[in-house]
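The values are calculated or read from the model by the stated rules, or taken from the named source; none is laboratory data. Since this is a predicted model, take the numbers as computed values, not measurements. Glycine also receives a Cβ, built like all others from the backbone with ideal geometry; neighbour counts cover every protein chain displayed.
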Amino acid sequence: MRKIFSIVFALVLFLITYSELSAMKDKDSSWNWVDDEFYKTFKQKINRYLEIEKPYLEFNWGLSQPSINEKVFDGNFEIIYEGDFRLGYQSEQKNEYDLTILDYSNNYFFIGHTASNLIGKKEIKNDVIEARAWKIGFMSSDGYGYRISEQVGLLFYHSLGLQWTKVDFLNIDATRLSQVDAVETYSDYFHFGEQWESGIKLKLFDFLSINGNYERQVIYPRHMFWYWSLSKMIEGVANGLLDSFTRSVMKSSPWALPIVNIILKSGLSYGIYELKKNKMNWPFETVSPLMYENFKVGISLNF
């Protein structure tokens, strides 16, 4: 069913684009649509969409630092452990401008847990808050890498996704109103949120990869759809401009593409999430959210 949907979707896109290409060709008989940059970009996206994606599963473990803007929250959070399990599809393709460069894409579902007792029992100080959490969601990744050999590759990827998180606070001081408000806001049900991740994946064999990643997640106290939508549009435009720039890098200096892409995409996401610390739907005047900053390592089994 998934493959049929992909083929139908690609066919519709092709028919729409073909009609536009035909109209452009009629206007300019000297125009060669095969060499046109728009056609090349479109063809590349279709090839990525229709290519055979390989299933994989992945486990990540690391450290997590919760936080709420200190201007509105009176208290300190403990650094705790986080583990997550991922199930999805990934694909690798040789880049059309340089066969030693890999085009990488990845879509997956995840479930994760954050707590102090994931490995053994960690003693929590009385004046420090533990923010345990369960989260589920899905993410989409893309990036580029270096093809070292037929089986070995070094990939640099950037991910964006949505998640729903249930938080439980421990060691709350009932005399501090900001802490009580946080418990009342986040502890009742799963809250909508977003996250981004940048990472490096070393493919050792066709069936095995190891990786390290940095992740930021924001959990909204409430979902203000229109503010959120407009904020996402601004972020989308910024990412689109970066995509346009990296395509230029791809054509002129493909060897630099993996590094340039990961630096630019990570820098943009980091900056946006720093702005979200004060206004959850930046640039609009909204409240400060709960955030997690995670450092993890992982292992993937590729099928």
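If you check Gly161, Gly236, Gly153, Gly212 for being of a type outside the set (Lys, Arg), buried (at least 18 other Cβ atoms within 10 Å of the Cβ) and either free of Cβ contacts under 8 Å to residues at least 24 places away in the same chain or in contact with a Lys or Arg (Cβ under 8 Å, 6 or more places away or on another chain) (or both), only one passes: Gly153.
Can you find a residue in region 189-200 that is among the aliphatic types (A, V, I, L, M), surrounded by fewer than 18 Cβ atoms within 10 Å (Cβ to Cβ) and at pLDDT 95 or above?
First pass over region 189-200, keeping only residues among the aliphatic types (A, V, I, L, M): 200.
Narrowing the set further to residues that are surrounded by fewer than 18 Cβ atoms within 10 Å (Cβ to Cβ) leaves 200.
If we keep only those that are at pLDDT 95 or above too, we end up with 200.
The answer is yes; a qualifying residue exists.
Can you find even one residue in region 202-214 that is of a type in the set (Ser, Thr, Tyr), part of a strand (DSSP E or B) and under 21 Å from Ser67 (Cβ atoms)? Working first, answer last.
The initial filter retains those residues of region 202-214 that are of a type in the set (Ser, Thr, Tyr), namely 209, 214.
Filter again for part of a strand (DSSP E or B), leaving 209, 214.
Of the ones still in play, those that are also under 21 Å from Ser67 (Cβ atoms) are 214.
Yes: region 202-214 contains one or more residues that are of a type in the set (Ser, Thr, Tyr), part of a strand (DSSP E or B) and under 21 Å from Ser67 (Cβ atoms).
A single entry from Ser288, Ser253 fulfils the requirement of being small (Gly, Ala, Ser) and touching a strand residue (DSSP E or B) at 6+ places or on another chain (Cβ under 9 Å): Ser288.
Here Gln217 meets the list (1) modelled with pLDDT under 95; (2) part of a strand (DSSP E or B); (3) polar (S, T, N, Q) almost entirely, failing just condition (1). Could you please give the count of residues in region 64-119 that are under 30 Å from Ile148 (Cβ atoms) and of a type outside the set (D, E, K, R)? Qualifying residue count, region 64-119: 21.
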